[in-house]
Amino acid sequence: MTTATPLILVINCGSSSLKFALQPVDSIDPILSGLAECLGLEDARIIIKDSDGNKTTQTLNGGRHAEAMEVLTRDLAQRGLLDKVAAIGHRIVHGGERFTASAIVTDDVMAGIEECCELAPLHNPGHLVGIRAAQKAFPGLKQVVVFDTAFHQTMQPAVYRYAVPKRFYTDYHVRRYGMHGTSCRYVTGEAIRVLDLDPADHGIIICHLGNGASATAVKNGQCVDTTMGMTPLEGLIMGTRSGDIDPAAVTYIARREKLDLDGIDHLLNKQSGLLGISGVSSDCRALEEAAVAGNPDAQLALQMFAHRLSRLIGGLATSLDRLDAIVFTGGIGENSSLLRAKTLEHLRIFGFKLDAAANDAAIRGKAGVITAAGSPVAVVVNTNEECMIARDTAELAGIQA
Ligand code: AMP
């Protein structure tokens, strides 16, 4: 494999996993991607896939992130790609109030990410491990961090504060932060391009619907409101997360079931959402199949998903001067013509009218407008977080195609 273009290695590290994509700076498609999983366990392995779909799997013998990086660099060297890697971009879930944009990694930036660990205890520690492993494997290369929360830092206090005593904000940073910001930034750029909107004068609502799901109101390129909160639990119904629920219902359930705080956390994050309602699956495809087969709980889960989404879209619209388009993205947004149709049906009060043929056609990588002529616009856009991370990394590291 040869390429003349500089490459950006995009890394997304969890506590026991490391996803990567090798992205040419002038392309939206990676030339190599993969996943190291079960890190630290006996069956730790790394799977590497090239752009033709050829896959290799190598054991890591119980190794962790550093060992995964070692195997990856060896593999890149064998493919003649190691010298082409010009910089590394890391996805970071939580940047708190400190990070309002992507940044080059320094000791100070590492300390800042560490400070945000208490806001994302399941994610940020894994990211730090990943950055250190990448620094060791690629000494001398610039490393860039791209935060999922950064895009939402333009929200105003009236939008991001919770109605609890102020000291919880000042002492513990309790406020709404929002997630999926990297996807929102990419999708905003694509929506502007595809719909020929004015970059300085537009209003859109982005529905990023995957296993995690959120909707975000964007005014003139900036986030003005979003449905996720201090954590990803707030807002829409998700695969296994409840989204919005009366906090008093939670304390009531806890008393009835004698649940401690970890038990509540597990219930609302892992056992609720589409899975909890349906008892079938957290996966939208499986639910759609079960619904067609007549399962009433699967049917209800899909109805609830569309109802909650349309209800929150209506709320988000109140932060805009104008609604140019609703944008669907993420695994569900890009593929479930059923949920898009159900959502727009709820939004008929605003004049939305589906183009059923266009909606059915916008699946598996095909994007485009899905509303009829004369209707307010709804459009499907394919998100690409890796590409956004690679672009930021190239820009901050001063790398050109
Ligand atoms: P993501 O987290 O963005 O990868 O999205 C995962 C979600 O997308 C899962 O709920 C999948 O069931 C859903 N999804 C993927 N393909 C389809 C499809 N063809 N129809 C409905 N849902 C889909």
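The values are calculated or read from the model by the stated rules, or taken from the named source; none is laboratory data. Please read all numbers here as calculations on a predicted model, not as lab measurements. Neighbour counts run over all protein chains shown; Cβ positions are idealised from the backbone, glycine included. When the accessible area is computed, the model is the full protein with side chains, heavy atoms only, and any ligands, DNA or RNA have been set aside. Shrake-Rupley method; radii C 1.70, N 1.55, O 1.52, S 1.80 Å.
Before moving on, here are some points about what is shown:
- Helix 124-137 vs. the chain, principal-axis angle (Cα, 0 to 90°, nearest 10): 30 degrees
- The accessible surface of the chain, taken with every protein chain in place and a 1.4 Å probe, is 51 percent carbon and sulfur.
- Bridge type composition, the chain - antiparallel percent by DSSP, nearest 5: 65 percent
- Over the range 279-386, relative contact order from alpha-carbon pairs under 8 Å, at least 6 apart, %: 23 percent
- Within a Gaussian network of the chain (alpha carbon springs, distance under 10 Å), most fluctuating of 370, 104, 11: 104
- Pairs spanning more than 29 Å between alpha-carbon atoms, out of 49/84; 55/136; 19/353; 19/219: 19/353; 19/219.
- Rounded to 10°, Cα long-axis angle of helix 261-270 versus longest principal axis of the chain: 90 degrees
- Relative contact order for the chain: 15 percent, from Cα pairs under 8 Å spaced at least 6 residues apart, divided by residue count.
- Overall dimensions of the range 195-243, expressed as equivalent-ellipsoid semi-axes from the Cα gyration tensor (√(5λ), whole Å, largest first), are 25, 11, 6.
- Selected from 86, 44, 68 as most flexible by GNM, with the chain as the system and alpha-carbon contacts under 10 Å: 44
- Per residue, the convex hull volume that the Cα atoms of the chain enclose (Å³): 160 Å³
- The orientation-averaged projected area of the convex hull spanned by the Cα atoms of the range 38-175 comes to 10.6 nm².
- Only the Cβ atoms of Lys and Arg (+1) and of Asp and Glu (-1) were treated as charged; on that basis the dipole of the chain about its Cα centre amounts to roughly 400 debye.
- Value of relative contact order over the range 249-302, rounded to a whole percent, pairs C-alpha under 8 Å and six or more apart: 24 percent
- C-alpha center-to-center spacing [the range 1-69, the range 82-119] in angstrom: 19 Å
- Per-residue [θ]222 nm for the chain (sum of -39500 (n - 2.57) over DSSP H runs n ≥ 4, rounded to 500): -11500 deg cm²/dmol
- Rounded to the nearest 20 debye, the dipole magnitude of the range 107-226 is 180 debye, with +1 charges on Lys and Arg beta carbons, -1 on Asp and Glu beta carbons, and the Cα centre as origin.
- Residue of 167, 391, 241 that the Gaussian network model of the chain assigns the largest fluctuation, springs spanning Cα pairs under 10 Å: 167
- With the whole protein complex present, residue 138 retains an accessible surface near 10 Å², based on a 1.4 Å probe.
- Average accessible surface for the chain: 46 Å² per residue, computed with a 1.4 Å probe over protein heavy atoms with every protein chain in place.
- Between the range 380-394 and the range 185-210, the alpha-carbon centres lie 14 Å apart.
- The charge dipole of the range 45-111, taken about its Cα centre with unit charges on the Cβ of Lys, Arg, Asp and Glu (plus for the first two, minus for the last two), comes to roughly 260 debye.
- Between 0 and 90°, nearest 10: helix 296-317 axis offset from the chain longest Cα axis: 90 degrees
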